[in-house]
1. I want to confirm something. Restricting to region C:102-114 and keeping residues that are part of a loop (DSSP other than H, G, I, E, B) and more than 12 Å from chain B (Cβ to nearest Cβ), which single residue is surrounded by the most Cβ atoms within 10 Å (Cβ to Cβ)?
2. Go over the candidates C:Gly189, C:Gly182, C:Gly199 one by one and state the one that is over 29 Å from B:Gly244 (Cα atoms) and either away from chain A (no Cβ under 14 Å) or touching a residue at least 12 places away in the same chain (Cβ under 8 Å) (or both).
3. Which one is farthest from B:Met234 (Cα to Cα), of the residues in region A:202-239 that are at the interface with another protein chain (Cβ under 10 Å from one of its Cβ atoms) and of a type in the set (S, T, N, Q)?
4. Under the condition of being surrounded by fewer than 24 Cβ atoms within 10 Å (Cβ to Cβ) and either hydroxyl-bearing (Ser, Thr, Tyr) or under 23 Å from C:Ala140 (Cα atoms) (or both), which residue from region B:144-165 is nearest to the other protein chains (Cβ to nearest Cβ)?
5. Within the bounds of region B:273-293, is there any residue that is assigned by TED's automatic domain parsing to the domain that holds B:Gly244 and over 24 Å from the mean Cα position of the chain (by Cα)?
6. Only residues that are among the small types (Gly, Ala, Ser), out of contact with any Pro (no Cβ under 8 Å at 6 or more places or on another chain) and under 17 Å from B:Ala6 (Cα atoms): list them for region B:58-80, please.
7. I need a count of the residues in region A:132-154 that are within 21 Å of the chain's Cα centre (by Cα), part of a loop (DSSP other than H, G, I, E, B) and more than 18 Å from C:Leu157 (Cβ to Cβ).
8. For region A:244-254, which residues satisfy the criterion of being crowded, with 24+ Cβ neighbours inside 10 Å and in a strand (DSSP E or B)?
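The values are calculated or read from the model by the stated rules, or taken from the named source; none is laboratory data. It should be emphasised that the depicted structure is a prediction, and the values quoted were computed from it without experimental measurement. Reconstructed Cβ throughout: ideal geometry from the backbone, glycine too, with neighbour counts over all protein chains shown.
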Amino acid sequence: MIRLTAGELAAKLGLNCCGPSERVVCGAAALVDAASEQLSFVGSAKYFDAGRASKAGTVVVPPGYEPAEGQAVIESPQPRAHFAVALGILYPQAAPAAGIHPAAFVDPTAVVDCTAEIGPGVRIGPDSRIGARTRILHGASIGAEVVVGADGCIHPLAVIHDRVSIGARCVLHSGCVIGADGFGFEFSGGRFQKVPQVGTVEIGDDVEIGANSCVDRAALGVTVIGTGTKLDNMVHIAHNCRIGKHVVIAAQTGLAGGVTIGDYAVVGGQVGVGDKARIESRAVVGSGAGILTSKIVRAGEPVWGTPARPLRQHLAQLATLARLSKRKGGA
Amino acid sequence: MIRLTAGELAAKLGLNCCGPSERVVCGAAALVDAASEQLSFVGSAKYFDAGRASKAGTVVVPPGYEPAEGQAVIESPQPRAHFAVALGILYPQAAPAAGIHPAAFVDPTAVVDCTAEIGPGVRIGPDSRIGARTRILHGASIGAEVVVGADGCIHPLAVIHDRVSIGARCVLHSGCVIGADGFGFEFSGGRFQKVPQVGTVEIGDDVEIGANSCVDRAALGVTVIGTGTKLDNMVHIAHNCRIGKHVVIAAQTGLAGGVTIGDYAVVGGQVGVGDKARIESRAVVGSGAGILTSKIVRAGEPVWGTPARPLRQHLAQLATLARLSKRKGGA
Amino acid sequence: MIRLTAGELAAKLGLNCCGPSERVVCGAAALVDAASEQLSFVGSAKYFDAGRASKAGTVVVPPGYEPAEGQAVIESPQPRAHFAVALGILYPQAAPAAGIHPAAFVDPTAVVDCTAEIGPGVRIGPDSRIGARTRILHGASIGAEVVVGADGCIHPLAVIHDRVSIGARCVLHSGCVIGADGFGFEFSGGRFQKVPQVGTVEIGDDVEIGANSCVDRAALGVTVIGTGTKLDNMVHIAHNCRIGKHVVIAAQTGLAGGVTIGDYAVVGGQVGVGDKARIESRAVVGSGAGILTSKIVRAGEPVWGTPARPLRQHLAQLATLARLSKRKGGA
């Protein structure tokens, strides 16, 4: 954790500091929890009183905030965003400890940038390439012909299978599995015969994939996760899905095979999406929704429910059912 | 597996043995599967006939049970609970093999109790502390400044990230990930900027966390799992959740950020809970229910459905819909 | 990847090649993506035009297909199934690199067939047996008294706990956990006491288990996965479930304790099945369905919804609700 003054922090953020700019800032906390040497933030006018009641010595605030006695304030048109940047300053990421741990298993044909960090117990298969300053942490498993771009972090015990390609600045959390076989079988002769899954996975830049999430390799061709997309924990992406750029998918959502999602779509948690469905750019899918096979979800109104329908329609149906149930003597 | 007589077992349970107390007991099984040297149990009078038909040589029974010819019986007011205790006697847990495996990666600044077991391939980061008799098994990954209390078991390939604190007697199953980053981004400049997740996770005593479950670290502050709480497999606990004591959460349930759950609540499987919802102490949530953002679930009547509502109300609505559908010519 | 001619490939498939049988085949792709040296397939007459428009040099086709200029065709009554076989020829599985990696942790009492491959960082516990040509890849964790049959593949970082038995030709994907404790507690004295889970797991031949799936050991007795059954990613199988042969279960489905599923049943994704429910042989359960405790699902008509009911009945109810909602002024 870094120690600096409120004035120094404001300067790093490109903002002005008012009040006692010599206050020390060391760490951050929510308004209710913050101590005098901690930074906090006031998201909007709604929290002005909470800001003044807080013990935080330094607060990132929107215009119009009247500080408490002795508080240093850093004024910002976007306090949340600037607070997030401040967190990155106060709690800097560990720099990669460049080098290959003696107990890592790196194939001699793999090319590891000399600034990358390869932790103990890591395996890197033949012909794989690891970019500059990328950290591959304890026990992670990297197959053959894998590419991992620069400035990424592959957390402990994550798995990347053969021939998968990962862009720059990606974060793969522990236990995620990228490039396992898609779920493809042909029923023949009274049993399921495996259809070899010979495709791969391509992940863009700045992608983050949550703990224990799975992105399966394509049957043929490529499963794609676009640049800037963020997957939460335990998300399942089946073979041949194509997810656009800057998409957000919350935890425990599952996509069946061949689903496409356009740029900037937002998908809630525990959503299920059927084969070959298409979620268009900027569409919004509510948590727990179920989208049927081959269905198209358009931008404009969020969808919810199973089968997923426009939010107002779904709410109207819920209200109708509640009314009818009451009238007929239901509880 | 331990071999002893029915009389010896009863004595260890603090109960009386009637009938041939010299019968050998070696292992346990359900009534229908049990062999003559195995222990079984009769949960209630409903199973008296099954108990007499069983080949089990020794049976834990409630008062009033009439044994079969040659059966030894151990009478208990709580046969299930005493049977569970007997299982712990018959199948004792492996004692820790004290010491650090030569192929473990333990930072020199970590403090490992000399009675703890550290398996092969385990990593323990700087300044972490491992309590007495705790087992950290093959390949598990423990970060920096982690505390794990005494008498715990961290199963193979579980992950505990930096600064997480775990109480005494906790069991973390394989593949669970404690303290990965919460899912927090600010949309700014056409892309999602990561909000550094600088908080941590605190887990009380006697907590059990299922295989491949995830408990994310707080954005700021702490994600809390109270003493005695049990999480099943593939449960997702997002950043800043606060779960009370002696809570049970079944498999594949997911909690969004900032959810609070009171002591002794019971949450079924595949439940989804929205941001900042509150499940009060002793409340019961049925499997598959969906609890909306900021909703409060009170004790008293179980809730079910999406959006979750009191069980009777939900059942009445289901019945209404079935009735109307039939009348209007539906199937 | 293998290089051969269209004629040689047809011969290996036991089929005829028409047209320029000397065309080289090297890899495979979907019709729209295929290049001239790649194999593709036409599933049915619906795709005849796409087949002719494709750049694929060689195509597996049904009877009646009129090839494009210069295309080699391999005619089959089941083009999809033969294409799948061809994939296995073009992309042969890596042969096991027989032997135990020097950085594997194999107990001296374990018996590993000399043709098996044991990767770096793998642990194999006492008295376990690994069959011929089976690959246990990087970091996988095999407990004590485990049996893994011949010709299997245990992917990196999969976990098999003590006393689990796995048949021949099984594929366990990364991160799956077989034989963790079932979720069993007795509430007594104000807290949940663990009921020791002393049973085990038996998995038949030709089973495939997806990444990050969990199959818990039985409380008493055995959790069973029958021969030929395929589980997708993140499937949860609780203690004492008995799953028949040639069953398919899609991703993120969860089975509570003691569920039985008959042979050839098909269960969609994100299904929840309550304790002791029974899904009969050849029954079909739609994605997202919720099956209540002890419910029986029969073959014949698929079931859908929560609580699961016959598909037509569920659709009729959905239609009724939509109609009533519209009439009463809903959206």
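1. C:Ala110
2. Working: C:Gly189 fails: over 29 Å from B:Gly244 (Cα atoms); C:Gly182 fails: over 29 Å from B:Gly244 (Cα atoms).
Selected residue: C:Gly199, the only one of C:Gly189, C:Gly182, C:Gly199 that is over 29 Å from B:Gly244 (Cα atoms) and either away from chain A (no Cβ under 14 Å) or touching a residue at least 12 places away in the same chain (Cβ under 8 Å) (or both).
3. Looking at residues that are at the interface with another protein chain (Cβ under 10 Å from one of its Cβ atoms) and of a type in the set (S, T, N, Q), I get A:Thr227.
4. B:Cys153
5. yes
6. Result: B:Ala68, single match.
7. Total satisfying the criteria: 6.
8. Of everything in region A:244-254, those that are crowded, with 24+ Cβ neighbours inside 10 Å and in a strand (DSSP E or B) turn out to be A:Ile249, A:Gly254.
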